[in-house]
Amino acid sequence: MKKYQFGTAWADWAWDLVGNNKIILDSPQHNGPFDHSKDSEMLFFVYGRKNIEIGHWGDTLIQDDDGNLNVEKG
């Protein structure tokens with residue numbers, strides 16, 4: 001089982017999920033340059049095999065030994 005807390009430095013395995021479109025990053029700020037002061041407002045859309053979950057800053061992404069993705073609220 002692997003765990004990653006949103007808002008911390010991305011672990012390689014979690015960043016790979018972003019590259020494979022298993023996690024979509026979204027921010028309420030869609031126009032203009034990215035403002036890191038709003039990082040804590042970022043949403044993380046997690047696409048599992050059988051579910052879609054939304055993660056928030058401080059929540060924990062869990063990938064079990066079968067590769068299933070879930071979000072544990074922080």
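None of the figures in this text is laboratory data; all of them are computed from the coordinates on show. In this text the structure is predicted, and so the values were computed from the model without any measurement. Cβ sites come from the backbone with ideal geometry, for glycine too, and all protein chains shown count toward neighbours.
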**Prompt:** What is the Å³ per residue value for the convex hull set by the Cα atoms of the chain?
**Reply:** 92
**Prompt:** Ranked by Cβ crowding within 10 angstrom, fewest neighbours first, how are Met1, Met42 ordered?
**Reply:** Met1, Met42
**Prompt:** Using θ = phi - 60° and the Karplus curve 6.51 cos²θ - 1.76 cosθ + 1.60, what whole-Hz ³J(HN,Hα) does each residue of the stretch 67-72 get, with Gly and Pro shown as x?
**Reply:** x, 6, 10, 9, 10, 9
**Request:** Could you give the size of the charge dipole of the chain about its Cα centre, using +1 on the Cβ of each K and R and -1 on the Cβ of each D and E, expressed in debye and rounded to the nearest 20?
**Result:** 120
**Complete:** In deg cm²/dmol, rounded to the nearest 500, the helical mean residue ellipticity at 222 nm of the chain, built from -39500 (n - 2.57) for every DSSP H run of length 4 or more, is -3000 deg cm²/dmol
